[in-house]
Amino acid sequence: VIEMANSASEANHLYEDITRSKHSGTENEDSVYSDWQIMPLVHLDLSSNHFRSFPLTMVRDLQSMEILNISDNCLQNISNNAFRKDSQLDLYNYSLPSLRHINLKDNNIQYLSPILSNTFPKIETMTLQSNRVRPCPAEPFGISDLTPDMPCVSFSNIRTLKHLDLQENGIKILLPGV
């Protein structure tokens, strides 16, 4: 229990540092610490916090990171604005080249950006259990079959994905081509 409390405390301090550095006018506003680029961190666990958003640009310098766990938070979407607030074109040049596993379990996620295939070029495992994700049907069924208040997520452009966990998302029907 003490170890978990220390981990939660460290994660809270990290989050405070992240949000403080974004507003402090530092030279590189998207990165918490420029030294992270040389840090050989492979596994980052920020689970069981209260993140409502998690700008992945904050960890973009962790080029060796293979596993990212941001489960058990309050995330609602992983979209373009969760990565970078200025130009969307910069998203195509941004990636976590070593990331193979991401755990997004037990959040409130409905939407994932189609750009994730560029951001996570080697992703193999994506855990989305206990969210509100709805897989998009393949053409010709199209997205028009879904209501506007129920966005869908396409996984067809993530060619490296080997394991996808969609347990407990309330999915009632899978259309052909999902």
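FYI, it's all coordinate maths here, none of it is from the lab. Model, not experiment: these values are computed from the prediction. Cβ coordinates were reconstructed from backbone atoms using ideal geometry, including for glycine residues, and neighbour counts include every protein chain displayed.
Observations
- In this simple spin-label approximation, D165 and S48 carry label points 7 Å from Cα along the Cα→Cβ vector, and these lie 1.5 nm apart.
- The calculated FRET efficiency for the pair E124 and C74, based on their C-beta separation and a Förster distance of 30 Å, comes to about 0.70.
- Environment charge at S71 (Cβ cut-off 12 Å; Lys +1, Arg +1, Asp -1, Glu -1): -3
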